[in-house]
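The values are calculated or read from the model by the stated rules, or taken from the named source; none is laboratory data. Treat the numbers as computed from the prediction; the structure is a model and nothing was measured. Glycine also receives a Cβ, built like all others from the backbone with ideal geometry; neighbour counts cover every protein chain displayed.
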Amino acid sequence: MKSALRPLIGPVLYGLIIALGYIFIIERTSEPVQHEVVLIEKQFTEPAQQSTYSVSDPISYADAVSKAQPAVVNIATSKLVTERVHPLYEDPIFRRFFGLNQAPRRQRMQQSLGSGVIISPSGYILTNNHVIAEADQIKVGLADGREVEALVVGTDPETDLALIYIDIPDLPSITLANTDNIRIGDVVLAIGNPFGVGQTVTKGIVSALGRHQSDLSSFVDFIQTDAAINPGNSGGALINAYGDLIGINTAIYSNSGGSHGIGFAIPIGTATKVVKQLVQYGQVIRGWVGIEPQVLNPALANALNLPDIQGLLVVAIAKNGPAHQAGIRPGDIITHMNGNMIEDPRAAMEMISNMKPGAKVTIRVNRQNQPLDILVVVSARPTPHS
């Protein structure tokens, strides 16, 4: 059977958890709260071979869990939805027979569950965008039993991250690991609120690093883990054996909606960069030139009767976008950006996205076997659905 990526949020409808799905619409419920975000970062220098455990020793991760668990929260969201009463009312003949001008609608509150991680003692909580998107109300359940309403600071649908805020001082916050030291095979623990049963811890390993899942995000190199992750774990913590945060649990491969041992987490290094912009702007501002590139390999060059050179083939251009206005055309072959050779579409997109709107980039293209340098003024990347 073909696997499908499923997000981990556990919607609760009439007390039951049902359909899962991504929501990519930014919903700002308040103005950004002006507080300083203090992230507790740990320079993770202990190499694995220096661990005091041996293979034959019974291993407990209770210390790691005790360290991280107070900073992991449950998130419950509510939103008012309008739905049709019955499909028959959509039939104009049926409505005319009963003298109805419009199909009747009913409203109800839809509830969803997820998880989050306190990343600052001042009240900032990191979670997934799909956990809180379009919510009319967001409630956070702390590990000590307190419940408090949260405000949205900012969201980034492109990475599926969101930052929310609760007005409670001196909160327990998690320590951030140095994700540069993560290795395949490292033990990891997932903490979250699966199926709304309450805070739960599962154990696994780092199965892979740098996973590119374009249907999840074009801007994230995911951590893959076999730690059991289920609906409701979205936005929860993936920690190492020392109790430090290495990632935000986001999605799983599953046909059933339950865990099959293939889960994905956003590295905390990526999340930290997003958080800084969400605090400052309420959104993430990325550079954009409006080009859709494709790797030009020998087979494609031969099929299109193009020169067999290293570069990216421009297959589409956004109308009136920066590249279009600068004179780049479909069929051009991009070979360099600001003098740097470009062979990977992801590398090119990352280079542009890291530029500020208004910055200039010189793009060298090959057009009809002639090199041509074109100056492009970078614009702000449009938000999804804008």
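Structure notes:
- The residue that is surrounded by the fewest Cβ atoms within 10 Å (Cβ to Cβ), counting only those in the range 132-157 that are under 19 Å from Tyr281 (Cα atoms) and in contact with a helix residue (DSSP H, G or I) (Cβ under 9 Å, 6 or more places away or on another chain), is Pro157.
- Selection count, the range 132-169, where residues are assigned to a loop (DSSP other than H, G, I, E, B) and either out of contact with any Pro (no Cβ under 6 Å at 6 or more places or on another chain) or over 22 Å from Lys276 (Cα atoms) (or both): 17
- If you go through the range 370-386 and keep only what is modelled with pLDDT of 85 or more and farther than 14 Å from Val284 by Cα, you end up with Gln370, Pro371, Leu372, Asp373, Ile374, Leu375, Val376, Val377, Val378.
- Residue match in the range 163-178 (condition: among the aromatic types (Phe, Trp, Tyr) and farther than 22 Å from Leu238 by Cβ): yes
- Qualifying residue in the range 328-349 (condition: free of Cβ contacts under 8 Å to residues at least 12 places away in the same chain and within 26 Å of the chain's Cα centre (by Cα)): yes
- Any hit, the range 330-337, residues being over 29 Å from Lys276 (Cα atoms), exposed (fewer than 12 other Cβ atoms within 10 Å of the Cβ) and of a type in the set (S, T, N, Q): no
- The range 348-375, subset part of a helix (DSSP H, G or I) and touching a strand residue (DSSP E or B) at 6+ places or on another chain (Cβ under 9 Å), residue surrounded by the most Cβ atoms within 10 Å (Cβ to Cβ): Ile352
- Selection of the range 291-330 for residues being part of a loop (DSSP other than H, G, I, E, B) and either within 17 Å of Val376 (Cα to Cα) or touching a Ser or Thr at 6+ places or on another chain (Cβ under 9 Å) (or both) yields Ile309, Gln310, Gly311, Ala318, Lys319, Asn320, Gly321, Gly327, Ile328, Arg329, Pro330.
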